[in-house]
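One structure is given here, and the rest of the page talks about it.
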Amino acid sequence: MERQSNLADLVSNAVNGAQVVDLHTHLFAPQLTGMNLAGIDELLTYHYLIAEVLRFESVTPEWLLSQPKSVQADLVWQSLFVDRTPLSEAASGVITVLSAFGLDPQSKNLREARAFFSARDPVSHLDEVLRIAGVDHVTMTNDPLDPLERKSWDEKPEIDSRFLSALRIDPILNDWPSSFKSLRSNGYDVSVDLDDQDVAEVRRFLDDWIGKMRPRYLAVSLPDSFSYPEDSQRNCLIRSAVMPTCREHALPFAMMIGVRRQVNRRLAGAGDGVGLADLTAIERLADDHPDNRFLVTTLARENLHGLCVVARKFANVLPFGCWWFMNNPSLVEDTTLMRLEMLGRSFVPQHSDARILEQLIYKWSHARRSIARALTTRYEALEDSGRVITKDDVKRDVTALMSGVASEWLGLTC
Ligand code: RAT
Ligand code: ZN
């Protein structure tokens, strides 16, 4: 069959023109003051780049991390962008951002970029970044045990409606013996034992913060060793506090599985690794809780196929994003193609995980390229089988993938 010669263009125009709902970032609404990161020094000291520069420079992590941000950024620029070609995904992302603002990506120093970013008005800069990135909604990661963040929420801010909240509960689920003390100091009558009364208090804590933050989901990142069922404090909390709370408030539970925290402590925020998880935990959890919905992503590439199989068995499991070490164009394309083949369009191909505002620009423009390529491959296979792909087919699928499915799971469409 003769192929519509412009199929690839049709798809890439549709994907590039689609507005995005970003399911997971580390950005904050402007009203949550003191938490927002932006500008060239932040971009260059992103923890992905800190790990990379330490592969080339003979400085110790302790020395590098003790320097002011501007010194760290100068070294990263010199090492990864001037002395070498910025080949890695994280480095090429900075090039995409500079180019988007008409800044010289070949510059020998950061003078021009620093002057540019420091002259920006924060309000119009935010608008422009969202416009260039084509992002409608940005989901934050909100930690009620972070003192700075708690203070902001307690002031009852009127949050910019483009920002959605997500209640992140890592410390509670991953380290109860320490986090119970934080809950106690916030007025919850809990003990290290985690008895019935403690669980009731955790539920009160979650209810209170759901009331304050109005989150779109509850979230946790989990180690590769995560297992369910299991006799552990984490599982007791998931079963007796998280599941009923999510049901009561009609919220999904997002699980990001496979991180091995601090495999190299000397690298601090850049020191986390990856491990292969056992996905029978998700099967059992989804089976035991048919009335709960689970947003799931895994960090190990080898887990992504298994996750598709789990999602085929459990409609209450939604695979999302190519998380962190998976966020590389080749892996995003590969993963998206596999998910299309196994799940149709019932998944969310990517989230940005942006920590620095301008990263939205590169994370989304790069993801769009990979998603468009994967979708084109699927359409070509369909055309080879005899189905004609129309402009309307493309628009409908692209809208679902870039915003529709995420909107539905985030409750934006009700
Ligand atoms: O991608 C990242 O920036 C990681 O450091 C993590 O923040 C990860 O995305 C997470 O949410 O735990
Ligand atoms: Zn993240």
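The values are calculated or read from the model by the stated rules, or taken from the named source; none is laboratory data. Just so it is clear, the model here is predicted, and its values are computed rather than measured. Note: ideal-geometry Cβ built from the backbone for every residue, glycine included; neighbour counts use all protein chains shown. Side chains are part of the model used for accessible areas, which takes the heavy atoms of the whole protein and leaves out ligands, DNA and RNA. Shrake-Rupley method; radii C 1.70, N 1.55, O 1.52, S 1.80 Å.
Compute the distance in nm between two label points, each set 7 Å from the Cα along the Cα-to-Cβ direction, one at residue 31 and one at residue 57.
3.9 nm
Sorted by average packing, counted as other Cβ atoms within 10 angstrom per residue and highest first, what order do 154-165, 18-29 take?
Those peptides, ordered most packed to least, come out 18-29, 154-165.
With the chain treated as a Gaussian network of Cα nodes joined by springs under 10 Å, which of 227, 365, 70 yields the largest mean-square fluctuation?
70
Whose amide H sits under 5 Å from the amide H of residue 323, counting only residues 5 or more places off or on another chain, with H placed in the peptide plane?
Under 5 Å from the amide H of residue 323: 298.
What order do you get for 104-117, 254-267, 315-328 when each peptide is scored by the mean count of other beta carbon atoms within 10 Å, highest first?
315-328, 254-267, 104-117
Show log10 I(q)/I(0) for the chain at q = 0.07, 0.09, 0.11, 0.14 Å⁻¹, two decimals, from a solvent-free Debye sum over equal Cα scatterers.
The Debye formula, applied to the Cα set alone, gives -0.35, -0.58, -0.87, -1.39.
Note down the nm distance, to one decimal, between modelled labels 7 Å out along Cα→Cβ at residue 193 and at residue 382.
Taking the two extended label points, one gets 5.9 nm.
Can you find, among 213, 144, 365, the residue farthest towards the positive end of the dipole of the chain? Put +1 on the C-beta of Lys and Arg, -1 on that of Asp and Glu.
The residue sitting farthest along the positive end of the dipole is 365.
Would you mind checking 313/395; 69/151; 181/363; 151/395; 156/395 for any pair whose Cα atoms are more than 31 angstrom apart?
Over 31 Å apart, Cα to Cα: 181/363; 151/395; 156/395.
At 1.4 Å probe size, with every protein chain present, just tell me what the per residue accessible area of the chain comes to in Å².
Dividing the accessible area of the chain by its residue count gives 43 Å².
At 0.36 nm per residue, minus the direct Cα-Cα distance, what do residue 266 and residue 16 gain on full extension? Give it in nm, one decimal, please.
Computed gain between residue 266 and residue 16 is 86.0 nm.
So what are the ³J(HN,Hα) numbers for region 372-385, from phi and the Karplus equation (6.51, -1.76, 1.60; θ = phi - 60°), rounded to whole Hz, Gly and Pro as x?
4, 5, 5, 5, 4, 4, 5, 5, 4, 5, 5, 5, 4, 7
From the phi of every residue in region 99-113, what ³J(HN,Hα) in whole Hz does the Karplus formula 6.51 cos²θ - 1.76 cosθ + 1.60 yield, where θ is phi - 60° and glycine or proline is x?
Calculated HN-Hα couplings, in order: 4, 4, 9, x, 8, 6, x, 9, 3, 7, 8, 9, 4, 4, 5 Hz.
Amide H to amide H under 5 Å from residue 318: which residues, 5+ apart in sequence or cross-chain, H placed 1.01 Å off N in plane?
Placed amide hydrogens put 294, 295, 296 under 5 Å from residue 318.
Under the Karplus relation 6.51 cos²θ - 1.76 cosθ + 1.60, θ = phi - 60°, what is the ordered set of whole-Hz ³J(HN,Hα) values for region 316-324, x standing for Gly and Pro?
With coefficients 6.51, -1.76 and 1.60, one gets 8, 10, 10, x, 9, x, 10, 7, 6 Hz.
Would you kindly give the portion of the calculated P(r) for region 108-212 that falls above 21 Å, as a percent of all Cα pairs?
52 percent
Of all the accessible heavy-atom surface of region 194-268, with the other protein chains kept in place and a 1.4 Å probe, what percent is carbon and sulfur?
Result for region 194-268: 44 percent of the exposed heavy-atom area is carbon or sulfur.
Roughly how many percent of the accessible protein surface of region 19-143 is carbon and sulfur, given a 1.4 Å probe and a whole-percent answer?
54 percent
Given R₀ = 25 Å, what would the calculated FRET efficiency be for residue 162 paired with residue 116, taking r from the Cβ atoms and rounding to 0.05?
0.60
Efficiency by 1/(1 + (r/R0)^6): what FRET value for residue 399 and residue 309, r their Cβ-Cβ distance, R0 = 22 Å, to the nearest 0.05?
0.25
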